[in-house]
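Peer 1: Just dropping this structure here.
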Amino acid sequence: MAIAWRAGLAGLLLGVVTLLLGDVLPAGSSRLANSGAVWAVGAFAAGAVCRDGRWRAWLAGTAVLVGAVLGYYGALVGFAHHAVDRAHLHGPVQWSAVGLLGGPVFATAGAWWRDERRQRRVLGLCLLGGVFLAEGAYLLVSHRPVGEAVIVAVIGVLVPLAMGRDARDRLCGALALAPAAALGLGGYLVLDLVMDVAFTRHGSG
């Protein structure tokens, strides 16, 4: 269980840092401080460290994301003095649920990136790059500033190009980005809908 503690502490730090960076980054790049894709990098890194792609990696990836939620909202209370009461719990609860689902997925992607089998390496890269591209597309359809969407999307395109082991990995990873991003965009839209429904019910209750 030591890996879970270390991953959880890393996640806490990730959550605190992303909150604090939101106040110092330029407006056009501030999305990098409040990005689900950036948090996914934490789970990916945890899986890459564990390498086995099984329960240890899943546990570490989940601990990173849940820890990031706790760190972010804990810092929000400590530094921004947001109230802690029942009315403000829906955000942490919902994002923790997302962490429980996404942690194993991106941890597996990180472990597969270290694998000797090309197919797994490419899948790992396109999952990580795809979530950045998907977030960029989501920002566009949500009418957010174009600059934010471009920055996030460019990172997604660079992931397989920068992290591929060889030229074939880079090419295959880049080609696989489109379907991965399409699936990711669907996930973002579903998540957005679920959170809107939950918020509406909470507000009317």
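Peer 1: How about region 188-197: which of its residues are open to solvent by less than 40 Å² (accessible area, probe 1.4 Å) and under 15 Å from the mean Cα position of the chain (by Cα)?
Peer 2: Matches in region 188-197: Y188 only.
Peer 1: Checking C50 against (1) over 30 Å from P145 (Cβ atoms); (2) modelled with pLDDT of 95 or more, which test does it fail?
Peer 2: Unmet condition: (2).
The values are calculated or read from the model by the stated rules, or taken from the named source; none is laboratory data. Keep in mind the model is a prediction, meaning the values are calculated, not measured. Cβ: placed from backbone, ideal geometry, glycine included. Neighbour counts: every protein chain shown. The area values use the complete protein model at the heavy-atom level, side chains included, leaving out ligands, DNA and RNA. Shrake-Rupley method; radii C 1.70, N 1.55, O 1.52, S 1.80 Å.
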